[in-house]
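The numbers here are math on the coordinates, done by the rules we state, and not lab data. It should be emphasised that the depicted structure is a prediction, and the values quoted were computed from it without experimental measurement. Cβ placement follows ideal geometry from the backbone for every residue including glycine, while neighbour counts extend to all protein chains displayed.
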Amino acid sequence: MSSLTVHAGGLDLQNPVLLAAGILGTTGASLRRAALAGAGGVVTKSLGSVPREGHHGPTVVAVECGLLNAMGLPNPSYRNFQEEIEIARKGGRPVIASIFGSSAREFSQIARGLKADAFELNLSCPHAEKYGSELGRYPEMVESVTGAVKAAADVPVWVKLTPNTADILELGLAAQRGGADAVVAINTLKAMAIDIETGYPILGNRFGGLSGRAIKPVAVRCVYDLAAGLDIPVIGVGGITSWEDTVEMILAGASAVQVGTALQRGYGIFEEITVGLARYLERKSLTLEELRGLAGRRS
Ligand code: SIN
């Protein structure tokens, strides 16, 4: 079998297929289970400085080719999550804490108070007032938040970028200037669904973020642009449901990928993807390193 080990974003990973933020990361037990099922690393649900209940329901709706969510960043706060991270670590894979705040100061306070193997800065949630993309769509905010967390943390810092912008590379460059060890692309696309019988928007928050198959081509393009323009690694996420999607993301330039919505199919997805990826590399006589960014080197 081809080796799938990779050093990406300051972490040594057994394989490049990670659990994305927000899907199962609400308890240490579910994170550990994803790790034991073969994920190369696991990302927690986004954690803030105080407990939040999130938006009123409905918070998730299935739409064509994906899921629309407006959870509203519900979380118990980072102060009540350290024990869950310790449980997750028993899965033997890096645990990356997704964190959010409304300012560089709030982000760095969380990074100082929480112990994880890396931080992923949520500068991209498209539906939470004062958080996520409300900061992350401005390059100067991305740079200052990243710089503040880098100064506060002694572990790698990844920055999750929003695709709801005209130029994602501008945001990636800002993260790089701030000292990020990697960028993660993409978070959900701002979207909406309306019930035609009642005439009301379906989500309690009216609009939310679209994930799943529908957004994969957008994610591939973003990863391609970022990988071409940045010196730091790009972690690809958005609509990955198979080993073929994973190969496509790596061809676009991703050093690793994250799987989210496809977890609806169960924990077996990690093994399914890693086995398929290893067989593909063997069949093509390529290493992961040789595969990465190959599409950008084709003339
Ligand atoms: C949420 O918890 O509201 C989703 C997080 C995100 O979209 O970043």
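General observations
- Three-way shape call for the range 6-298 based on the alpha-carbon gyration tensor, with the a/c threshold at 1.5: rounded
- The range 6-298, relative contact order [Cα under 8 Å, separation at least 6], %: 18 percent
- Global geometry of the range 42-85, whether rounded, prolate or oblate, following the gyration tensor of its Cα atoms and the 1.5 cut on a/c: oblate
- For the range 6-298, lysine pairs separated by 8 or more sequence positions, or belonging to different chains, with Cα-Cα distances below 28 Å total 22.
- Amide H contacts of Leu189 (H built 1.01 Å from N, under 5 Å, at least 5 apart or other chain): Leu210
- Cβ-based charge dipole, the chain, positive-most Cα from Met141, Gly54, Pro126: Gly54
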